[in-house]
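The values are calculated or read from the model by the stated rules, or taken from the named source; none is laboratory data. Fair warning: this is a prediction, and the values are worked out from it, not measured in the lab. For neighbour counting, all protein chains shown are included, and Cβ atoms are generated from backbone atoms with ideal geometry for every residue, glycine included.
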Amino acid sequence: MKGRVTIPTDESFVEGTKEIAKLWGADAVRDCDGTKLPANAGEIAGKVYETYFVTRGDVAWAKAHPEELQHFFLLSERKTAAGETLKIFPAEGYYAEQVKPDHSKDALRFWQVIDRTTGKEHTEWKADEKEGCIVIEHAQPYHEYTVSFLAHNVWDSTQMYNYITNGWDTDKHSPYDPRYPLTAAHIKEVLEGWLKTHPDVTVVRFTTFLYHFFLVFNEAGKEKIVDWFGYNASVSPRALDEFEKEYGYRLTAEDFVDEGYYNSPHRVPNKHFRDYMDFTMRYVARTVKELVSLVHAYNKEAMMFLGDSWIGTEPYGKYFADIGLDAVVGSVGGGVTVRMLSDMPGVKYVEGRMLPYFFPDTFFEGNEEGAVAELNKNWMTARRAMMRAPLERIGFGGYLSLAAKFPKFVARAGEVCEEFRRIYAGVKGKQPFCAVKVAVLNCWGKLRSWQCFMTAHELWYQQAYSYQGILEALSGLPVEVSFIDFDDVKAGALDKIDVLLNAGDAYTAWSGGEHWQDAEVQERVRAFVARGGGFVGVGEPTAYAKQGRFFALADILGVDEEKGLSLNTDKYNITAEEGHFIFADTPAPDFGEDKKNIYALSGTKVLKIAFSERFTRNVNVGEVKAAVNTYGKGRSFYITGLPYSFENARLLYRALLWTAQKEEYAEKNFSTNVAVDCHYYAASGEYALVNNTFEEQKTTFFDASGSSRGMTLAPMQIVWLKAEDGAVCSG
């Protein structure tokens with residue numbers, strides 16, 4: 001087989017690219033940031049991608065129009081007043097080559113000084129542009145103050161990263177803002193000129209569009225603030241004035257700085273930030289649609305890279321489909337990012353950029369085995385999700401000449417490309433068997449489909465991995481997954497599902513915070529479970545301290561969290577039940593970072609509990625780790641944390657089956673070995689058994705009727721079985 005693979009190339013590695021393209025069956029070539037396509041790129045592959053920057057790259061334009069550079073709102077360091085006068089240098093702690101405070105009269109009207117001790121704005125201050133500071137007058141001694149300021153973003157964050165990582169010595173890119181009329185006209189004019197002079201390019205790979213996600217560096221040139229969903233780099237005096245005209249109220253610096261939280265996705269979003277997001281998404285969608293239409297007028301495809309400057313073009317947003325994009329490509333960190341791409345609506349095809357990136361931080365002398373190991377790990381993780389919803393294409397990025405020095409890597413990458421094509425042929429368009437319909441409930445709902453608990457792409461965070469593992473598990477399980485918010489609950493979304501899942505730390509957007517005090521939400525969830533629905537809670541689900549409960553739906557969950565306020569009420573339910581259905585395959589689960597002080601209500605079945613070494617009583621002791629409860633005709637399951645592992649993925653699947661009251665599917669379309677996934681595609685009558693490890697695995701396989709047979713799978717093997725005759729086709 002051939003096709004569905006994109007490889008990087010550059011003008012200095014043409015013949016080498018041709019050889020590897022043939023080996024990998026590549027049908028598309030692309031450039032990489034900092035390289036140029038060869039003049040004869042069309043001879044290498046039929047599809048030719050070229051990177052295009054909309055709002056950076058034109059160094060001359062940026063230098064000639066410094067007033068139209070992009071902005072962001074930033075917070076100064078916190079300073080304590082020792083007397084009635086206090087000087088604060090706003091840019092202290094930021095990278096001077098990126099952050100330049102905007103002292104223009106137009107920008108200064110949005111600056112704010114906040115007394116962080118009282119939380120009130122302090123209006124008695126003046127800007128000393130010469131000294132580069134803000135002078136706060138009539139300060140209250142020993143109160144803490146900050147300055148929320150508008151700054152120009154004078155160096156694009158992605159180019160800065162690549163520049164520093166690869167030791168570049170080229171012009172530094174300053175991003176310019178199309179909210180301003182001159183730049184708005186310029187970006188269209190330049191794109192049309194580029195399209196005319198690049199006839200061999202078939203796919204314009206926008207990297208990305210207008211505004212970069214919120215990424216600011218510290219004085220040492222290291223990341224200081226990173227938020228893949230942040231809108232702070234899309235602000236400008238012009239945007240704020242236009243917002244006020246449309247919405248009838250004025251946004252302030254504090255609306256963006258948000259006490260220093262910067263409206264991170266973990267925060268319960270407020271109305272002002274929601275309004276600004278919608279305002280920005282509509283503007284970006286309109287502007288990008290004009291650019292995409294221009295690309296189509298020259299008979300080329302328009303592709304968006306899901307990363308870098310993607311703010312405003314969120315794929316699960318209300319306006320994304322209106323843009324008219326042909327494709328989206330994104331970096332694949334695991335199963336979650338595969339599903340984030342493959343479930344995406346509104347485009348013709350999606351492509352995943354696999355790891356490792358062909359950069360010298362991986363491809364250096366003596367690290368061939370390391371490069372192969374990284375490729376295998378990335379592929380094995382992504383493959384789980386592709387068995388449920390495959391990408392249309394995969395590809396690689398970076399400098400192919402570096403990878404070419406490692407023949408074992410080149411050979412293994414070719415095998416990955418071939419296996420991907422086999423998966424695509426076997427899975428695409430064939431609805432896989434789904435035992436349960438589960439909805440993940442949080443404040444963001446559909447907008448953050450497969451993006452929950454993320455801060456910076458799919459990077460590991462100690463406070464998030466115990467929840468991120470839930471999504472990684474779901475990405476490859478035989479369940480149908482949707483993402484809903486609290487308005488969806490009130491609009492009847494629970495009528496379409498079997499199990500509702502709520503997970504996260506208390507007061508975060510993922511758990512729900514104040515939304516759990518909405519009486520209608522509580523009523524509808526209780527009614528759903530009472531009628532026979534399932535509820536799965538992880539961490540601090542439904543948490544919002546009020547009316548004597550920390551978990552608002554402790555009655556459904558059967559557990560609550562002791563906050564040190566109800567120690568006068570004795571708690572006797574401390575005996576764990578052995579051998580429950582949920583833990584049949586995983587008797588010793590990993591709870592991750594865990595939650596302390598969870599206790600079981602009377603009548604709840606405790607499944608896992610931990611005791612202190614100081615355990616000397618039979619009351620008011622123990623910390624519940626997992627429990628089940630019945631509520632009316634329905635069931636609930638609670639667990640303190642669920643980082644990803646084969647064992648925890650199986651545990652979650654069994655929990656979903658049990659709460660949905662579909663336990664029979666533990667012996668239908670099922671593999672007893674937690675390291676071997678089983679998928680069934682009724683349309684083709686095929687089963688796929690997938691060994692997710694680098695070792696041989698044995699398992700018992702149950703088909704759709706419940707008949708079983710023993711199977712042995714080689715390391716990393718996929719075995720395809722025809723349902724009608726039991727024939728085996730190894731992949």
Residue match in region 34-54 (condition: farther than 21 Å from Lys300 by Cβ, in the same structural domain as Leu355 (by TED's automatic domain parsing) and among the aromatic types (Phe, Trp, Tyr)):
no
Could you check region 625-680 and list, in sequence order, the residues that are within 27 Å of the chain's Cα centre (by Cα), crowded, with 21+ Cβ neighbours inside 10 Å and aromatic (Phe, Trp, Tyr)?
Phe637, Tyr638, Tyr644, Tyr653
Those residues of region 249-271 that are closer than 21 Å to Leu108 by Cα and not hydrophobic (A, V, I, L, M, F, W, C) come to a total of 9
Say whether the condition of being in a loop (DSSP other than H, G, I, E, B), out of contact with any Lys or Arg (no Cβ under 6 Å at 6 or more places or on another chain) and at pLDDT 95 or above is met by at least one residue in region 408-418.
no
Just a yes or no: is a residue in region 565-587 closer than 25 Å to Gln462 by Cβ, at pLDDT 95 or above, assigned by TED's automatic domain parsing to the domain that holds Phe550 and in contact with a strand residue (DSSP E or B) (Cβ under 8 Å, 6 or more places away or on another chain)?
no
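Yes/no matrix, rows are residues, columns are (1) in the same structural domain as Glu523 (by TED's automatic domain parsing); (2) at pLDDT below 95; (3) out of contact with any strand residue (DSSP E or B) (no Cβ under 8 Å at 6 or more places or on another chain); (4) farther than 30 Å from Ser566 by Cβ:
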position: Asn618; (1), (2), (3), (4): yes, yes, yes, no
position: Arg635; (1), (2), (3), (4): yes, no, no, no
position: Arg650; (1), (2), (3), (4): yes, no, yes, yes
position: Gly706; (1), (2), (3), (4): no, no, yes, yes
position: Leu713; (1), (2), (3), (4): no, no, no, yes
Is there a residue being over 26 Å from Leu210 (Cβ atoms), assigned to a loop (DSSP other than H, G, I, E, B) and either at pLDDT 95 or above or touching a Leu at 6+ places or on another chain (Cβ under 6 Å) (or both) anywhere in region 180-192?
no
Could you give every pair whose Cβ atoms fall below 7 Å, whose first residue belongs to region 234-245 and is touching a residue at least 60 places away in the same chain (Cβ under 8 Å), and whose second residue is assigned to a helix (DSSP H, G or I) and buried (at least 24 other Cβ atoms within 10 Å of the Cβ), counting only separations of at least 6 or pairs across chains?
Val235/Phe256
Does any residue of region 325-342 turn out to be at pLDDT 95 or above and over 22 Å from the mean Cα position of the chain (by Cα)?
no
Glu43 fails exactly one of the following numbered conditions: (1) closer than 28 Å to Leu291 by Cβ; (2) modelled with pLDDT under 95. What is the number of that condition?
(1)
Would you confirm whether or not region 360-368 contains a residue that is assigned to a loop (DSSP other than H, G, I, E, B), assigned by TED's automatic domain parsing to the domain that holds Thr208, among the acidic types (Asp, Glu) and modelled with pLDDT of 95 or more?
yes
Leading residue by the ranking (surrounded by the fewest Cβ atoms within 10 Å (Cβ to Cβ)) among those in region 243-273 that are of a type in the set (Gly, Ala, Ser) and not in a helix (DSSP H, G or I):
Gly248
Mind checking which residues of region 7-18 are without any contact (Cβ under 8 Å) to a residue 60 or more places away in the chain and not β-branched (Val, Ile, Thr)?
Glu11, Glu15, Lys18
Can you name the strands (runs of 3 or more DSSP E) wholly within region 626-731 that have at least 1 residues being touching a helix residue (DSSP H, G or I) at 6+ places or on another chain (Cβ under 8 Å) and within 24 Å of Asn502 (Cα to Cα)?
634-639
Just for region 93-103: of the residues that are outside any strand (DSSP E or B) and in contact (Cβ under 8 Å) with a residue 40 or more places away in the chain, which one is farthest from Ser174 (Cα to Cα)?
Gly93
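Each row is one residue, and each column tells you yes or no for (1) touching a residue at least 24 places away in the same chain (Cβ under 8 Å); (2) over 27 Å from Glu562 (Cβ atoms); (3) in a strand (DSSP E or B).
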position	(1), (2), (3)
Asp488	yes, yes, no
Leu494	yes, yes, no
Trp510	yes, no, no
Trp516	yes, no, no
Val521	yes, no, no
Val525	yes, no, no
Gly537	yes, no, yes
Pro541	yes, no, no
Tyr544	yes, no, yes
One residue is enough: does region 571-593 have a residue meeting the conditions of a type in the set (A, V, I, L, M, F, W, C), in a loop (DSSP other than H, G, I, E, B), in contact with a helix residue (DSSP H, G or I) (Cβ under 6 Å, 6 or more places away or on another chain) and surrounded by 19 or more Cβ atoms within 10 Å (Cβ to Cβ)?
no
